[in-house]
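Okay, so here's the structure we're looking at.
Just so it is clear, none of the values below were taken in a lab; they were calculated from the coordinates. Everything numeric here is computed off the predicted structure, so don't read it as measured data. Positions of Cβ are generated from backbone atoms using ideal geometry, with glycine treated the same way; all protein chains shown enter the neighbour counts.
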Amino acid sequence: MPFTTTQTVYIVDALSYDISKPLIVRCQSKDDDLGNKTLNASEEFNFSFKENPFGGTLFFCHFWWNGKDTKFDVYNDKIATFCGLVDPSSELNYECFWKVQEDGFYFAPHRNPPPVYEKKHDWP
């Protein structure tokens, strides 16, 4: 069997402290439903999985906050190419980060060195 990589996706709640509404996130793949997670400001949720060595691994998340909701892929074959190595000495562990803010959703490939987030989606 070919080696498969472990991917970890992080969802970071970067909404303002003065906003009392929690962020609700539900992430799913074709085979897994991770259920609803309620996050408050500065909290994060993460999940890990083995990538299909033949491609096609997909996770999407639905986000609800302050009367708004949206969903999009947080991991697919295209996004995978931008995820960063957790440890450069190992080529089997990758991570990627989604930061949720009042104005939208930002992506970064890794936590260290300090991430440079790029806006990818708006709230509707």
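Which is farthest toward the positive dipole end of the range 6-122 among V116, L23, I11, measuring Cα position about the Cα centre, with Cβ charges +1 (Lys, Arg) and -1 (Asp, Glu)?
Ranked along the dipole, the leading option is L23.
Nearest 20 debye, what's the magnitude of the dipole of the chain about its Cα centre given +1 on Lys and Arg Cβ and -1 on Asp and Glu Cβ?
Working: 12 positive and 18 negative charges, 33 e Å.
Here the chain has a charge dipole of around 160 debye.
Determine the distance separating the Cα centre of the range 61-96 from the Cα centre of the range 25-43; give it in Å without decimals.
First find each Cα centre; the distance between them is then 13 Å.
Starting from the Cα gyration tensor of the range 7-59, take the square roots of the eigenvalues, sort them a ≥ b ≥ c, and report rounded, prolate or oblate (rounded when a/c is under 1.5, otherwise prolate if a/b is larger than b/c, else oblate). All intermediate terms of the calculation are to be shown ahead of the outcome.
Values: a/c = 3.86, a/b = 2.43, b/c = 1.59.
Prolate.
HN-Hα J couplings of the range 50-67 from phi, Karplus 6.51/-1.76/1.60, θ = phi - 60°, integer Hz, Gly and Pro as x?
Here the 3J(HN,Hα) series is 8, 6, 5, x, 9, x, x, 5, 9, 10, 10, 10, 10, 10, 10, 7, 6, x Hz.
Please list, or write none, the lysines whose alpha carbon is within less than 19 Å of the alpha carbon of K120, excluding same-chain residues fewer than 8 places away.
Correct list for K120: K68, K71, K78, K99.
Please tell me the relative contact order of the range 1-113 in percent, rounded to the nearest whole number, where contacts are Cα pairs under 8 Å and at least six residues apart. The partial results should precede the final answer.
Values: 230 pairs, mean separation 35.3, N = 113.
Reported as a whole number, the value is 31 percent.
Could you derive backbone 3J(HN,Hα) for the range 97-107 from the dihedral phi with the Karplus parameters 6.51, -1.76 and 1.60 (θ = phi - 60°), listing whole Hz in sequence and x where the residue is Gly or Pro?
So the Karplus estimates, Gly and Pro as x, are 10, 10, 10, 9, 10, 4, 9, x, 10, 10, 10 Hz.
Share of Cα-Cα pairs in the chain beyond 16 Å, in percent?
Tail fraction, whole percent: 61.
What is the range 74-124 by shape, rounded, prolate or oblate, if you read a ≥ b ≥ c off the alpha carbon gyration tensor as root eigenvalues and call it rounded for a/c under 1.5, prolate for a/b larger than b/c, and oblate otherwise? List each step's numbers first, then the result.
Numbers: a/c = 3.52, a/b = 1.82, b/c = 1.93.
The shape class here is oblate.
Applying the Karplus parametrisation 6.51 cos²θ - 1.76 cosθ + 1.60 with θ = phi - 60° to the phi angles of the range 70-75, what ³J(HN,Hα) value in whole Hz is obtained for each residue in order, glycine and proline being reported as x?
Once θ is set to phi - 60°, the couplings for the range 70-75 become 7, 9, 6, 5, 9, 7 Hz.
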